[in-house]
1. Rg and Dmax of the stretch 1-57, Cα atoms, in Å?
2. Take the alpha-carbon centre of the stretch 86-141, take the same for the stretch 669-728, and report the distance between them in whole Å.
3. Where does the longest stretch of the chain lie that holds no trypsin sites (Lys or Arg not before Pro) found in a DSSP loop with 12 or fewer other Cβ atoms within 10 Å?
4. For the stretch 396-509, state the semi-axes of the equivalent ellipsoid (square roots of 5 times the eigenvalues of the alpha-carbon gyration tensor), sorted largest first and rounded to whole angstrom.
5. Return the Rg/Rh ratio of the stretch 115-255 with Cα-based radii and a Kirkwood Rh.
6. Determine, from the Cβ-Cβ distance of Ala595 and Thr534 and an R0 of 22 Å, the FRET efficiency 1/(1 + (r/R0)^6), rounded to the nearest 0.05.
7. Can you compute the charge dipole magnitude of the chain about its Cα centre, using +1 on each Lys and Arg Cβ and -1 on each Asp and Glu Cβ, nothing else charged? Give it in debye, rounded to the nearest 20.
8. From Cα pairs below 8 angstrom and at least 6 apart in sequence, can you work out the relative contact order of the chain, rounded to a whole percent?
Amino acid sequence: MKIYISGLYSGTNPQPGVGIARSLRMAYPESTLIGVEYSNRCSGIHWQDFNDIWLHRPWDELNLPAYAEQIREVLDSGALWISGVDLEVIWLSDIFPEGHPNLLTPSSNALQKVAKPAITGHIGLPVKIPTFVSTEISDWDLHAFCRQNDWKVWLKGPYYEAFRMRSWADLQDSRTALSRSWSTNDLFLQAHVTGYEESVTLCAYKGELLSCVQMRKRDLTEMSKTWAGDVSEVPEEITVPLRKIIKELNWSGGAELEMVRDADENLWLLECNPRFPAWIHGGTIAGHNLPARLVEGATGVKALESSSRGEEFTRVVLEIPVRKEFPLPPLPEPFGGGIGHSLKHPSGLLGFANRLHGMSLSGHKANGNGNGKLVKDDLRAIPSSFIEDISGFDFPQIDTPSFLFLEKTTNELFERATRTAANLSTKDITVTNAYSMKTNPDARIVQTAYESGFLAEAISPLEVNKALEVGFKPEQIILNGPGKWWHKEYLPKTPIHAVFCDSTADLTRVVEALKTQELKAKIAGVRLRTPNITSRFGVPIDTPELFNMLIDSIKTLPRDCAFGIHFHMASSNVGVGQWWHLFESMLRWCSSIEALAERRIEVLDVGGGWFPDDRQEDSDERFARAIESVREYLPHVTQVISEPGKALAQPSMALAMRILEIQDFPGEAKEVVVDGSIAELPMYFFHPHRILHQNGRTGIWKSVGRGRTHLLGRLCMEHDVVASNIELPTDAKAGDFLIFCDTGAYDRSMSYVFGRG
Ligand SMILES: *Cc1c(COP(=O)(O)O)cnc(C)c1O
């Protein structure tokens with residue numbers, strides 16, 4: 001009996017070849033095991049259970065048609081082939097579309113059914129698939145996906161590799177890097193599932209499930225790969241549907257279903273690998289020799305029984321002698337001028353992936369739009385009020401780059417916020433909006449806030465003054481933040497609505513100022529620092545000592561002011577779900593403060609930090625429930641204040657710029673230089689912008705979709721790239737207008753004068 005086994009890489013992210021050989025050696029001591037590898041840097045080629053090693057050029061250099069012929073001869077001669085490399089499995093399915101009795105790998109049709117992320121073949125198993133989206137959808141929708149999943153998301157490549165995305169900048173960088181290394185834009189984002197990892201591994205021959213086993217990871221490497229595990233029988237609720245699926249897919253070979261079990265005992269299926277896992281010999285140790293069962297099923301030759309040596313296994317690192325015929329290669333040259341050596345992907349798998357893409361194999365079409373919606377960019381993705389407002393400008397007269405105030409859009413947003421506040425108010429609790437002045441202090445927006453019945457929320461006496469100039473009365477102003485004594489000469493003489501202290505030191509100062517009437521306020525309160533979410537603002541409360549300090553300080557607040565509590569944490573950064581979780585936990589903290597400080601909490605100010613879309617889509621109902629919870633936990637609250645900034649300001653302005661130059665590269669990305677820059681788009685690194693293009697001749701507006709064009713700013717700065725992976729209409733010309741929407745918040749207020757002489 002002769003068996004070829006491929007995939008011998010044995011680093012900390014190993015392939016299964018060595019484990020398969022160890023298991024088969026126990027079951028068939030007399031068999032000839034041939035290790036197949038594509039790099040002499042894979043240490044598994046020195047493992048003693050292999051009778052011989054068949055070493056090839058790396059995948060990216062291999063003559064694939066000739067190699068396919070050699071494999072056919074091997075199989076025809078009666079030898080078996082067990083692959084431990086996903087890409088090799090995919091390639092073989094294309095070389096042998098009808099299969100081969102001695103080739104122990106699945107067909108291309110079967111592979112397609114288990115391709116991630118949708119894994120359509122899972123139907124019937126008691127598992128769920130974590131939600132995902134293809135990165136081909138618009139940036140706007142990708143950002144929304146991240147917020148909705150609390151920025152606990154993974155960017156995954158078509159075959160291997162997954163990276164945790166914590167921010168928009170992360171996502172942009174990793175998307176570019178992954179796309180480049182796998183030469184595809186077909187990546188996907190998937191929600192993280194918190195829980196313990198476990199897997200079911202199986203072997204099957206021609207649709208018959210021969211054996212399966214369950215393994216729970218009990219220790220992990222830095223890359224979350226198995227280092228130790230426990231092995232058990234697969235429960236019937238999985239084996240019954242699994243048997244059916246294997247039959248339907250006519251599966252041959254090994255497979256592993258990688259899953260996560262969450263706190264509610266739900267199983268989430270992450271991946272289905274079309275081969276044995278690297279820990280496969282751990283199963284053999286526990287008495288489940290799956291490689292042997294597979295060979296037995298394919299040949300009918302009885303394997304030696306191996307008994308269980310316990311249900312748990314672990315790994316160690318071993319030194320083994322190097323085979324005489326494959327002496328160690330020299331280390332590659334150090335990077336020129338860099339640090340270290342490039343030892344990644346020694347067998348050329350990346351290059352192979354690129355060749356497979358070129359061949360567009362039937363076996364593996366990434367199915368990116370499974371449960372994730374695929375949204376093509378078009379004008380419908382842009383709110384109609386934007387288009388209406390933008391159409392009103394006399395473009396030839398505009399000196400670019402220039403911010404456009406979208407008046408109708410702004411009015412609608414503020415009107416809606418006022419209506420929502422009125423609807424949310426109950427007979428006990430008034431819901432009030434306070435516009436965050438710092439987000440964009442443009443007088444037109446502040447004026448709209450005033451006319452819409454908002455309060456003004458200021459973080460400095462200068463901002464207070466601006467609000468007063470626009471028309472706000474002192475009693476309509478909230479003073480917040482750590483800088484309230486900067487230019488205190490602007491503080492009004494009559495009482496403001498509320499002041500919130502940012503620290504206990506600040507509170508001491510405020511108490512003093514209230515006593516001397518330097519500051520007058522109807523409500524005096526504190527901002528709480530969010531426990532568990534890092535913040536530099538507010539009074540910390542997460543140790544008993546700090547909490548006591550806070551309670552003692554609160555007791556010093558004058559009794560003729562009402563008492564209030566404020567917290568602010570941007571849901572756009574921490575995610576919508578996490579924000580609501582924080583809100584609920586804040587209510588509990590407040591309730592303790594109320595009891596211990598013996599001060600009734602009459603005002604609750606929940607801050608701002610909402611991304612515009614998150615405050616519009618069906619969120620009113622959630623807020624209504626929140627007001628209910630406030631009443632329950634804090635029965636003395638009569639006013640709930642919300643401090644929207646960017647939720648209203650971000651859509652209120654757009655940035656107009658002109659195309660200066662278009663540089664085409666044959667077959668490559670296009671580079672377009674514009675007269676705008678990151679000096680006008682400082683939020684480029686934090687959130688996407690929807691972009692419109694106007695054809696200079698016809699005046700027709702089109703929205704800009706995804707593609708391979710990069711928009712470069714006018715500044716002579718390496719990082720001045722204002723948009724990546726976009727596609728301009730083919731008729732775009734120098735001189736045409738581009739409009740960046742969603743620039744009315746911090747893009748406008750934090751833009752700076754640069755490169756203008
Ligand atoms: C900045 C700020 C806001 C508004 O935040 P946005 O992210 O613009 O919505 C609200 N309240 C306070 C105290 C702030 O500092």
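1. 10.4, 31
2. Comparing the Cα centres of the stretch 86-141 and the stretch 669-728, I get a distance of 36 Å.
3. 1-301
4. 27, 21, 12
5. Across the stretch 115-255, the Cα-based Rg/Rh ratio is 1.02.
6. It comes to 0.20.
7. For this selection, approximately 480 debye.
8. Contact order relative to length: 11 percent.
Just so you know, all these numbers are worked out from the coordinates, no wet-lab data involved. Just so it is clear, the structure is predicted and the values come from calculations on it, not from any experiment. Cβ sites come from the backbone with ideal geometry, for glycine too, and all protein chains shown count toward neighbours.
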